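Worksheet: one structure, shown below.
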Amino acid sequence: MKHLVIDITAHGFGHIAQTAAVLNALDCTATRLTIRSSAAEQVLRERIRPPFTLIHHQQDAGMLMHDALRVDATASMQWYENFHATYAARKAQAARELEQLQPDLLFANVPYLSLDAAGEASIPAVALCSLNWGDVFHAYCGHLPGAGRIREEILYAYAQATCFLQPTPSMPMHPTLHTQPIAPIAALGIPQQAVLWEKTALPEHTRFVLVALGGLGMDYPLANWPHLPGVVWIFPDAALTQQRADFIPTSVLGLDYVDLLASCDVVITKTGYGTQTEAVVNQVPALCISRPGWPEEPNLPRWHQQQGEVLFSDWRTIQTGAFAQQILALLEMPWGKPLVFPTGASEAAALLERMNE
């Protein structure tokens, strides 16, 4: 039986969503999976259908964040300086750990240390992501002393992958990476709006807006949140620091995230691959909060506008509650775009299967 080791960064849910879609498309009858990540086990097992062994393991920090929207560039630079001060030793240790697992193939989204270790141990590797930490790091910290050397080490690590799969739409990447574009990767949900009405005991004319800014903490301005007749807001449980009749925690509804998204009338999200592509393929109109400076701006929002129904806002507008008219517009907006088929997961799975033969 072949052994596939999968490394997933825990920087938000988007990396899990991309990886899960690929693993769910994989023929695992003759392959065992080992996943290494510091992401919550519950989230991983909810998203990934094939059985896997989980090793709690952190190899990168991505970028350190003030919250789901704002990068802490100072703290990020300090983390990278500390991490790369002993990088050669870290790579040697990572290579030993990888050799002990005896994988036939490494699949990374998108920690660079394990890819570097795979190169050191002569283990074939594939990277997949719509971004890479070398270019993201450069966008925020490239002007700081010592950042150039750190970026070179990161890019060298990524270049150890046989190929770096870029699901549409991906940020532009450094030319030294062995990039290969593929179709979008996104999960298709099963719309179950009747379940929402049933679980909330609300009438069937009720409209549901999902608030989904990803897996990182956010202080929502609930005191200023608009009241809209016939509209219920669905929040992550941890976000609901005050109760209101039109605020519903996600846990009450008992649906997997993608089914919940597909069942809602509108989603509020931020610039980020996972929910934006899932909103498009599930044909759910979106209010997207911009992230100035994030390297997926403006590429990802432009694609979203071309392929889906979306309006854009900023965090200041959300904080003041002045986005009610945009939500009302989205609730009445007919879907006028062709269906987008997320075949990137099957493309990536086919490549992994060929490399793992």
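Zone of residue 223 (label point 7 Å along Cα→Cβ, backbone N under 15 Å): which residues in the range 303-324?
Taking a point 7 Å out along Cα→Cβ of residue 223, the residues of the range 303-324 whose backbone N falls under 15 Å are 319-321.
Roughly what would the spin-label model give for residue 245 and residue 283, points 7 Å off Cα along C-beta, in nm?
Each label point lies 7 Å from its Cα, and together they span 3.4 nm.
I need the Debye-formula profile for the chain: one equal scatterer per C-alpha, no solvent, reported as log10 I(q)/I(0) at q = 0.11 1/Å, two decimals.
Cα-only, vacuum Debye calculation for the chain: -0.74.
Considering the chain as a Gaussian network with a 10 Å cut-off on Cα pairs, which listed residue, 153, 204, 278, attains the greatest mean-square fluctuation?
Result for the chain, Cα springs under 10 Å: 204 fluctuates most.
Quick check for me: using +1 on Lys/Arg Cβ and -1 on Asp/Glu Cβ, what's the dipole size of the range 198-248 about its Cα centre, in debye to the nearest 20?
Details: 3 positive and 5 negative charges, 13 e Å.
Computed about the Cα centre, the dipole is about 60 debye.
Return one whole number: the accessible area per residue of the range 123-231 in Å², for a 1.4 Å probe.
Working: 4660 Å² over 109 residues.
That works out to 43 Å² for each residue.
Round to a whole number: what % of the accessible area of the range 1-76 belongs to carbon and sulfur, probe 1.4 Å?
On the way: 1560 of 3170 Å².
Carbon and sulfur: 49 percent of the exposed surface of the range 1-76.
Over the range 246-357, average the accessible area per residue using a 1.4 Å probe and give it in Å², no decimals. Kindly include the intermediate steps, with their values, before the conclusion.
On the way: 4310 Å² over 112 residues.
So the range 246-357 comes to 39 Å² accessible per residue, rounded to a whole number.
For residue 313, enumerate residues with amide H under 5 Å from its amide H, sequence gap 5+ or separate chain, H modeled in the peptide plane.
The answer is 288, 289, 290.
Once every DSSP H run of n ≥ 4 in the chain is given -39500 (n - 2.57) and the sum is divided by its residues, what mean residue ellipticity at 222 nm do you get, rounded to the nearest 500 deg cm²/dmol?
Values: 14 runs with 135 residues, N = 357.
Rounded to the nearest 500, it is -11000 deg cm²/dmol.
Which of the listed residues, 92, 38, 1, is farthest toward the dipole's positive end in the range 1-131, when Lys, Arg count +1 and Asp, Glu count -1 at the beta-carbon?
1
Output the peptides 229-236, 257-264 sorted from most to least packed, where packing is the average of other Cβ atoms within 10 Å over each peptide's residues. Write out the running numbers ahead of the final one.
Working: 229-236: 18.2, 257-264: 22.6.
Highest to lowest by the protection proxy: 257-264, 229-236.
For the chain, give the magnitude of the charge dipole about the Cα centre (Cβ charges: +1 Lys/Arg, -1 Asp/Glu; no others), in debye to the nearest 20. Don't skip to the end; give the middle numbers.
Values: 21 positive and 33 negative charges, 31 e Å.
Dipole of the chain, to the nearest 20 debye: 160 debye.
Quick one: with all protein chains in place, what share of the accessible area of the range 292-347 is carbon or sulfur, to the nearest percent (1.4 Å probe)?
Working: 1640 of 2900 Å².
Of the solvent-accessible surface of the range 292-347, carbon and sulfur hold 56 percent.
The values are calculated or read from the model by the stated rules, or taken from the named source; none is laboratory data. None of these values were measured; they are calculated from a predicted model. Backbone-built Cβ (ideal geometry, glycine too); neighbour counts: all protein chains shown. Please note that ligands, DNA and RNA were not included when accessible areas were found on the heavy atoms of the full protein model with its side chains. Shrake-Rupley method; radii C 1.70, N 1.55, O 1.52, S 1.80 Å.
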